[in-house]
1. How large is ³J(HN,Hα) for each residue in the range 197-208, as worked out from phi by the Karplus curve 6.51 cos²θ - 1.76 cosθ + 1.60 (θ = phi - 60°), to whole Hz, x for Gly and Pro?
2. With the cut-off at 28 Å, tell me which of the pairs LYS4/LYS332; LYS95/LYS323; LYS8/LYS128 have Cα atoms farther apart than that.
3. Give, in nm to one decimal, the length gained when the segment between ALA202 and VAL343 is fully stretched (0.36 nm per residue of separation minus the Cα-Cα distance).
4. So what J values fall out for the range 154-169 if you push phi through Karplus, 6.51 cos²θ - 1.76 cosθ + 1.60 with θ = phi - 60°, rounded to Hz, Gly and Pro as x?
5. So how exposed is LYS295, as accessible area in Å² (1.4 Å probe, rounded to 10)?
6. Per residue, what accessible area does the range 203-343 have, given a 1.4 Å probe and all protein chains present, in Å²?
7. For PHE6, which sequence-distant residues (separation of 5 or more, or a different chain) have an amide H within less than 5 Å of its own amide H, given hydrogens modelled in the peptide plane?
8. Can you tell me how much longer the chain between VAL292 and ILE225 gets when fully stretched, taken as 0.36 nm per residue apart minus their C-alpha distance, in nm with one decimal?
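The values are calculated or read from the model by the stated rules, or taken from the named source; none is laboratory data. Only a predicted model underlies this, so the values are computations on that prediction, with no experimental measurement involved. Neighbour counts run over all protein chains shown; Cβ positions are idealised from the backbone, glycine included. Remember, those area values only see protein heavy atoms, side chains included, never the ligands or the DNA or RNA. Shrake-Rupley method; radii C 1.70, N 1.55, O 1.52, S 1.80 Å.
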Amino acid sequence: MQIKNFGKLPDGREATLFILENGTGAYAAVTNVGASIVSVVVPDKNGNLGDVVLGYTDGAKYLTKGAYHGATVGRVANRIEDARFTLEGVEYILKPNYNGQHMLHGGEIGLDSKLFDAEVCGDTVIMKTVLPDGEDGFPGNIEITVKYDFDAENRLNIEYFAECDKTTPINLINHSYFNLNVTGDICSHELTINSDEYYPLADNGMVTGEKRPAVGTMNFKEPKIVGSDIDADCPQIKLAGGYDHNYFLQDGKDFVLAASIKAPESGRIMRVYTDMPGILFYSGNFLHTHEVEGKLGRAYMAREGFCLETNYCPNALKCPQVKQPILKKGEKYHHKTVYEFAV
Ligand code: BGC
């Protein structure tokens, strides 16, 4: 593993880049800023290496909120309607950071803004941080650990661990945007999601817990070109400006193939495996609104990357019928997600 300086943060601390090489020429790079994925460099059908993850060239830019490039997002990823929830009879009032009223991606501070402590153990990098009791309004001092390794089969293996001294909600995701062609829009990618049901959005953009059959525009059970219905005259698509929808995988904790996506031009394929209850497909509809210069020397365009976020259901704390993202005091949180690359 190569370890490099990744620039200074505004408060003077140094960011670090860990380059996880697997001996084939392919590699993944992660930083301790937000325990973020910075790069995944893998071959195309002609054997040419290319970086299929969007992001930045220095650590400080990972602190610019908005797109959440590559970040480990938490303590509770995605939305909490009205920025409040009740747990064990106590109501917790959070500070809204989304549409003036709701909470998005862990709040104003969030896990993505933390400089994690990192330790290298063989080919694995282990990143740890503690979110203090009350930060962003959540209960309990929670220790969060993210483990990354990139194996010889071009699999980026991610494990999440957490423990808290109070019962707390938790939903940790990785927010990488991928483009299997490196650049251009992702509408030509062909996506399969191993799910029959998705969670529709209400008019305010919130999941209500209702599940619907994933048919028509929302159907990815069979491989489908992302762009084929992305501008369809369909209320769900119009609401989100494209896809921004969570698909149901399971109520259990089996390790399953959740999705696979292929770019015909480069021939690259990515498969996502997880033990989480769902997978959210976000087609990067608002990437252009985040005007920070990325790796390619310019800001990204709308739909230049897609996210496949393995998660508990968005807004689950307001939807009692879905699996609850609750970690009880004394219990251990553990989930695993793998992004596998092939041609
Ligand atoms: C959410 C989108 C949001 C994006 C960037 C995704 O996880 O589902 O609604 O725009 O993150 O914050």
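1. These are the phi-based 3J(HN,Hα) values: 9, 10, 9, x, 8, 7, 4, 8, x, 9, 6, 9 Hz.
2. LYS4/LYS332
3. Net length gain for the segment: 47.0 nm.
4. 6, 10, 8, 9, 10, 10, 10, 10, 7, 9, 9, 8, 9, 5, 8, x
5. LYS295 has an accessible surface of roughly 60 Å² with all protein chains in place.
6. Here the residues of the range 203-343 average 42 Å² of exposed surface.
7. ALA15, THR16, LEU17
8. 21.3 nm
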